[in-house]
Every structure is written in C-alpha cells, then in structure tokens.
Amino acid sequence: MPKWRAGTLNSSRMDRSAEFKRWKAQCLSKADLSRKGSVDEDVIELVQLLNAREQFFTTSSCAGRILLLDGDINGLGVQKQNCCWLLVTHIPCIKDDVMVALKKANGDAVFKFEPFVLHVQCRQLQDAQMLAVRSTHGLEVPLSHKGKLMVTEEYIEFLLNIANQKMEENKKRIERFYNCLQLALERETTNSHTKIKEKNNPFCTPKKKRNPEKLRGKCIPEENDKEPEIDDDNDPGINVAIFPKDY
C-alpha cells in the first residue's frame, strides 16, 4: 500500500475515533430520561464495565421488571406509549400489590415480566461482534377487559410465582453475562498487547507448527518414545465459545 494511502486511512480512523469519543462523552453526560431516572442496581457494574472501555458506551438498560399496564390491545399486546403504568417493580412482587393496582384499570390490563436488556454503542464493527445479549424468558398475560377482571386471584398468584422465579433466574443470567463479558474483554486486551509487541519487535515471530506427517517418518529415541506434541497455539481452526449456548 502506498504511504500516502496508508496515511489517509490512519487519519480517517483517528477522525472516527475522536468523533466516537466526543459522542460518548456527550451521551454519558446527559440526564437519565428513564422513568426510574437511574441505572438499575443489578446492572450498575455491567454498565460501568462497558463505559470504562473506550470502544463502548451504553445508551439504555434494564435489569428486568414486573409490569402491570392498562391500555387498548391491538392484537400485538399493549403498547407502552399509549397506556397507563399501573405497577412497575424491579424486585419480586406480591399479590396484594397487583390487586391494588388492578382497581385502577379501566381498559385492558396486561401483566408482564420483561427480562434484562442492554443497548450498547460500539466504535466499529469488530467491537460489536464481541457482544451477544439474548434473553427470551419474558411473560405477558391479559388480566382484565374494559376494566373487568377476567381471571381469579388464585390465577394471579400463580402468575406472580412464575414471574418472581423468572426474576431470580434473570438475576443469575446477568451475573453470568457479566463474568463472560469481563473475561472476553480481558482476553481482547491481552491479545491487543501481544499484537502490538510483535509488531514493534522484528525478532518476535510466531512459532511454526510441526508437521505430524513428517515427524512419523523420523526415528524417535526410546526414552522419548511417545506421540510428538503438536503446538496448536496458532491453529485458526480452534473456536473458543465465550457465551454459553443456553444463555
């Protein structure tokens, strides 16, 4: 690559990096416009972990919550923008709280559990490829229609038990995700430092793999009569799964 072209590319990358840095500072300095007005306690460490990295910043998050919404059902569920929030909690809920909130319902009340969600801005595509936040254990059940309760209190208590169990499982998933992400970031930092060291040191070259086919044809002394070791540190075929499949 011509030097002038390489210089142009480096300048462009530096400009994008500086722009992302300014954007990050601007977004993180804004007031929290969520209903709660602050980051949920169970995801504070996770949010801080990401925001401490120059290539990431969080735009919104929720540790998981139990909701009771009152509005019109359009076939796809209650839309939060056009409904009344009768109840919202980020901790396990009891039946009395739901029954009191239901008395305020005039439309179609829907009971929901929403799991952990996290939105992250990444500096470039390769940074985004490291993140995978998936959670599908939500819950959404209609309880009333036009202000009339359509289920029994016993059924509501049954739903609450399920929602509270999901809340506990959700908390465990957040902890697992935090641990996996922390490990991934540490590995990324280690690999980056290694690449920089190799680039700056012309005498530092990766080890070559020994060919096992050639080794089989060689005479191996009796005291070393064992299978030859194959150095696969640099084998591109090895895949490391950072996140468990059942996350």
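A few comments on the model shown:
- Ligands, DNA and RNA excluded, the heavy atoms of residue 53 present near 60 Å² of accessible surface to a 1.4 Å solvent probe.
- Computed over protein heavy atoms with a 1.4 angstrom probe, the accessible surface ordering of 189, 58, 136, 152, largest first, is 136, 152, 189, 58.
- The order of 166, 104, 171, 112 by accessible area, most exposed first and with a 1.4 Å probe, is 104, 171, 166, 112.
- Neighbour net charge for residue 20 - beta-carbon separation under 9 angstrom, K R +1, D E -1: +3
- A probe of 1.4 angstrom, applied to the heavy atoms of all protein chains, finds residue 59 with accessible area near 80 square angstrom.
The values are calculated or read from the model by the stated rules, or taken from the named source; none is laboratory data. Because the structure is predicted, anything quoted here is derived from the model rather than measured. Cβ atoms come from the backbone with ideal geometry, glycine included; neighbour counts cover every protein chain shown. Areas reflect the complete protein model, heavy atoms only, side chains present, ligands, DNA and RNA absent. Shrake-Rupley method; radii C 1.70, N 1.55, O 1.52, S 1.80 Å.
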